[in-house]
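Shown next, in structure tokens, is the structure this report addresses.
The values are calculated or read from the model by the stated rules, or taken from the named source; none is laboratory data. Small disclaimer: the values here were computed from a predicted structure and weren't measured. No Cβ is skipped: glycine too gets one built from the backbone with ideal geometry, and neighbour counts run over all protein chains shown.
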Amino acid sequence: MLMPKPDQGVIDRRAEIIAAMRAIVPGEGVIADDAMLRAFECDGLMAYRQLPLIVVLPETTAQVSEILAYCHDNGVKIVPRGAGTGLSGGALPLADAITLGLSKFNQVLDIDYANRCAVVQPGVTNLGVTKAVEGDGFYYAPDPSSQIACSIGGNIAENSGGVHCLKYGLTTNNVLGVEMVLMDGTVLRLGGKHLDPGGYDLLGVLTGSEGLLGVITEVTVRILKKPETARAVLLGFNSSEEGGDCVAAIINAGIIPGGIEMMDKPAIHATEEFVHAGYPMDVEALLIVELDGPKVEVDYLIERVSEIAKGEGAIYSRISESEEERAAFWSGRKNAFPAVGRISPDYLCMDGTIPRKKLGLVLQRMTEMSDKYGLRVANVFHAGDGNLHPLIMFDANQPGELDRAEEFGADILKLCVEVGGVLSGEHGIGVEKRDLMGEMFTEDDLKQQQRVKCAFDPDHHLNPGKVYPTLHRCAELGRMHISRGQVPFPDIPRF
Amino acid sequence: MTEILKPDTADQVLDAVKWAVSEATPLDVRGTGTKAGFGRPVQAGRVLDLSNLAGITEYDPGELVLTAGPATPMAEIEQALAEANQELAFEPMDLGALYGNGAGAGTLGGVIAANLSGPRRIKAGAARDHFLGFQAVSGRGEVFKSGGKVMKNVTGFDLSKLMAGSFGTLAVMTQVSVKVLPRPEKTRTVLLMGADDTHAVAALCDALGSSHEVAGAAHLPASVAQRSAVGYVSGAGTAVTAVRVEGPGPSVEHRCKSLRDLFAPFGAVEELHSHNSAAFWREIRDAAPFTGDWQDHQVWRVSVPPTAGPIVGQHLRARLGGEVYYDWGGGLIWFALDARSDAGAADIRRVIRDCGGHATLVRATADVRQAVAVFQPQPGPLADLSKRVKEAFDPEGILNPGRMTAGV
């Protein structure tokens, strides 16, 4: 992975930069000691590591503004970091950049039940938002599997999903407002407790921008009352195609389940051996369908889902009869990653989205690739929205296996694009998928996205080297060759 | 008379924009022009009429995604979805009647460009939340795309969000993809009679804070309720507060009963069933109380935190007269007032200054919309950033100049 060449001039000024940062953030908020910097050398994508120039952990918006203004004026790059759980390397440090950690922004500021929202600092964990309101029966809907550790600010940066997003939406559908700081130190408020602020939807483009547009210092999220009850049903099939057809049949019957997950045989076996969730071992595909709402609705719909599944050829069906049993159904799925980690020294977790009807084809081709690369693969799938997580198993201690695994992963993502899907459903591009962007986008597509970047950060100081394979200077991106009066009047109908 | 360019293909759109850039001739970009009264009047030498870029190109109900030309009439979209028992869950309003035109004439691209949504906004989100991807020609005269045709996608910046609500000022969309969802099996509406604005919004907040997945929460003061075409509402002779529940039959009955119990302490309770319920929410969605005899009034949409709604509504009427009704649990105030040259803009924006929110002038004559900030003015740094975003797409100011902000 080729990162932008570090600016030796900045590295040479390290002592001066440390002094400037200590003047802004007193005490232990500036970390310059190598041993301590080691803790920040990677995020959830552990294959790539780099010590940051220094780490700064501010505590107030004013400090963030001062830090960014200093870096803007002095040509120092910034890598924003939430909890460092991202899976695509969005928070991978740069040798010539300050890693700006938001972990000290950990306060819940305001809970407003009447307006159904909570105002929190960006370092509060995803689960921390729910914890703050669950005593009163509320929760925050998006639930990425790292929710115990990941921060809400990081969720916005990545537009995180989870298993419930078909029904309840992604982060972008559940964030009402932010306070953010631009690279030049300007503090802005976007949105708030009201809906749909007029003007360009800058909050919308900020969400999922992977730390390239600004630093978030406060967040207003929508909170919801917990559903009265939830039940899940396990459904087993002879093939993944049948499982996929069953998902389509459920949706075509007008049912949008709270969660609808699929696992293939290798994933079923790995998880069952790990957590003993009680999964059937003789099926090729397993669906977990969860219905939530009033008891009467859940009971009614779970029967209908079971009927539909029978019609679609389900060879196994078990409905949860207690909260414990429902939790057991989920325990396997939720532990799928560590379960695969247990049967393989290393694994790569991929993340593409496909049109659901292409599932059979994609899995078939993946099996062929598995043979070609000589590496095993297990699949977990957010089946409702077509988001596929193939887990490629390898051993990094075997020479060449990491490279082969990465090639295999790239082939899977190319396949996702080929069948009409996308490179990333919820993990982001970061550095991991950066060099595959050209598979999905033309040069003009990418340039237009980067022009938006230029409107926020014209000198590429914020998180450079992430998301976009080629860094174009903003002046070059903005240049327009206009031949006044030389383009012929278009030959199109006119009136 | 302004010349109209009417491309048949995306390639011709590209030719037209390239030519307009080379001639420094701004374009008034439109689908069928039904929302020309929304936003500031555009000063443009040519009209770019997209009405031939119509038609559904991909729709597989099981995938919950629909792709179409930007000028596909909403009537066509709704019919195709209805045949598969699906819908656009964000319930886009139809501005036809508000502007004195017929219903069903708007386009899918127009709905997205104006980020329209209806009463279900509070549960399902706005157009921006269902807009998955697009192809377009930028004001630079370049073809580009963003997003995709799948429901979950974080590949690159989400330019779809910027396009939604940009009123054609950033790029000319040539193809759009939206998320669609199953229609609810059953719908019912619980009515609370005779509550004043404050109690009504308190009741709505309780309902929205329950686990009943309320899909509509509105309040009509007595003078507005009496103009409803739904007999139960106009005949009530008092204020009417309404919540909508949707879903499978047994569930809707259960939720309805719970909400009736929740409303009981606030006053008398009634129910609307299928036909009346649908008619009622269409009225709320399309600002029907301010159409017909009210055509000469100016109309504002004011978005505030729901609990601030009643106070804002009270202050608006005290300062400027007119009438209000509430949607989005009190968070959306439709306000109609006697026409005046400044449309009451300064007063209205003063009223909402402290609670946070924004006011949009949705109906006024062109001269008023030319003179008054139609959209909420932004603080300096935010306005500057918005201007830079505009320049990132349309540096020469070719597309719908001035539609949202004077000089941008």
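Worth a mention:
- Subset of segment B:143-179 (residues that are more than 7 Å from chain A (Cβ to nearest Cβ) and in a loop (DSSP other than H, G, I, E, B)): B:F167, B:G168, B:T169, B:L170
- Check on B:R121, among the charged types (D, E, K, R) and facing chain A (nearest Cβ under 9 Å): yes
- Selection of first residues in segment A:151-162 that are at the interface with chain B (Cβ under 10 Å from one of its Cβ atoms) and of second residues that are of a type in the set (K, R), restricted to Cβ pairs under 7 Å at least 6 apart or on distinct chains, gives the following pairs, ordered by first then second residue: A:G161/B:K152.
- Scanning segment A:344-356 for residues that are in contact with a strand residue (DSSP E or B) (Cβ under 7 Å, 6 or more places away or on another chain) and surrounded by fewer than 20 Cβ atoms within 10 Å (Cβ to Cβ) gives A:S344, A:D346.
- So B:R140, is it of a type in the set (D, E, K, R) and away from chain A (no Cβ under 11 Å): no
- Residue check for B:R369: of a type in the set (K, R), surrounded by fewer than 24 Cβ atoms within 10 Å (Cβ to Cβ) and more than 22 Å from the chain's Cα centre (by Cα): no
- Enumeration of residues in segment B:349-390 that are within 30 Å of A:I482 (Cβ to Cβ), within 7 Å of chain A (Cβ to nearest Cβ) and of a type outside the set (V, I, T): B:F375, B:Q378, B:P381, B:L382, B:L385, B:S386, B:R388
- Breaking point among (1) in contact with a Gly (Cβ under 6 Å, 6 or more places away or on another chain); (2) more than 12 Å from chain A (Cβ to nearest Cβ); (3) buried (at least 23 other Cβ atoms within 10 Å of the Cβ), for B:G102: (3)
- Residues (of a type in the set (F, W, Y) and either without any contact (Cβ under 8 Å) to a residue 24 or more places away in the chain or loosely packed, with under 15 Cβ neighbours inside 10 Å (or both)) located in segment A:464-495: A:F489, A:F495
- Looking across A:E228, A:E134, one residue alone is at pLDDT 95 or above and of a type in the set (D, E). It is A:E134.
- Qualifying residue in segment B:182-204 (condition: of a type in the set (S, T, Y), over 22 Å from the mean Cα position of the chain (by Cα) and within 30 Å of B:D261 (Cα to Cα)): yes
- So B:L48, is it surrounded by 23 or more Cβ atoms within 10 Å (Cβ to Cβ), more than 13 Å from chain A (Cβ to nearest Cβ) and at pLDDT 95 or above: no
- Any chance A:G89 is surrounded by fewer than 22 Cβ atoms within 10 Å (Cβ to Cβ), farther than 19 Å from A:G185 by Cα, at pLDDT 95 or above and not hydrophobic (A, V, I, L, M, F, W, C): no
- Residue in segment A:396-407 that is within 30 Å of A:C71 (Cβ to Cβ), of a type in the set (A, V, I, L, M) and either within 9 Å of another protein chain (Cβ to nearest Cβ) or assigned to a helix (DSSP H, G or I) (or both) present: no
- The residues listed here are A:G27, A:G84, A:G75; of these, the one that is buried (at least 17 other Cβ atoms within 10 Å of the Cβ) and outside the structural domain of A:V431 (by TED's automatic domain parsing) is A:G84.
- Selection of first residues in segment A:446-463 that are more than 8 Å from chain B (Cβ to nearest Cβ) and of second residues that are among the acidic types (D, E) and buried (at least 23 other Cβ atoms within 10 Å of the Cβ), restricted to Cβ pairs under 7 Å at least 6 apart or on distinct chains, gives the following pairs, ordered by first then second residue: A:N463/A:E210.
- Residues in segment B:110-166 that are under 12 Å from the mean Cα position of the chain (by Cα) and of a type in the set (V, I, T) were compared, and the one that is farthest from A:K358 (Cα to Cα) is B:V111.
- Number of positions in segment A:255-301 that are in a loop (DSSP other than H, G, I, E, B) and either in contact with a helix residue (DSSP H, G or I) (Cβ under 6 Å, 6 or more places away or on another chain) or surrounded by fewer than 24 Cβ atoms within 10 Å (Cβ to Cβ) (or both): 13
- Identity of the residue in segment A:101-128, out of contact with any strand residue (DSSP E or B) (no Cβ under 6 Å at 6 or more places or on another chain), of a type in the set (A, V, I, L, M, F, W, C) and more than 22 Å from A:V25 (Cβ to Cβ), that ends up farthest from the other protein chains (Cβ to nearest Cβ): A:L127
- Any strands (runs of 3 or more DSSP E) falling wholly within segment B:19-113 and containing at least 2 residues that are in contact with a strand residue (DSSP E or B) (Cβ under 9 Å, 6 or more places away or on another chain) and among the acidic types (D, E): B:56-60
- The lone exception for A:E210 - which of (1) among the acidic types (D, E); (2) more than 30 Å from A:V305 (Cα to Cα); (3) facing chain B (nearest Cβ under 8 Å) it fails: (3)
- Looking across segment A:451-489 at every residue that is part of a loop (DSSP other than H, G, I, E, B) and small (G, A, S), the one that is farthest from B:F157 (Cα to Cα) is identified as A:G485.
- Some residue of segment A:158-170 being under 20 Å from B:P381 (Cα atoms) and part of a loop (DSSP other than H, G, I, E, B): no
- Across segment B:3-31, the qualifying residues are those that are of a type in the set (S, T, N, Q) and more than 7 Å from chain A (Cβ to nearest Cβ), and the one among them that is farthest from B:F393 (Cα to Cα) is B:T9.
- Taking the listed residues A:P58, A:P4, the one that is modelled with pLDDT under 95, outside any helix (DSSP H, G or I) and farther than 30 Å from A:P345 by Cα is A:P4, with no other qualifying.
- Cβ separations smaller than 6 Å between residues 6+ apart or across chains give the following pairs from segment B:241-258 residues that are more than 9 Å from chain A (Cβ to nearest Cβ) and under 24 Å from B:V230 (Cα atoms) to residues that are assigned to a strand (DSSP E or B) and of a type in the set (D, E, K, R): B:V245/B:R188; B:C256/B:R188.
- For segment B:269-287, the condition of being within 14 Å of chain A (Cβ to nearest Cβ) and β-branched (V, I, T) holds for none of the residues.
- Test result for B:G329, within 12 Å of chain A (Cβ to nearest Cβ) and either among the polar types (S, T, N, Q) or at positive phi (or both): yes
- Residue list for segment B:183-205, restricted to those being at the interface with another protein chain (Cβ under 10 Å from one of its Cβ atoms), in contact with a helix residue (DSSP H, G or I) (Cβ under 7 Å, 6 or more places away or on another chain) and surrounded by fewer than 20 Cβ atoms within 10 Å (Cβ to Cβ): B:E185
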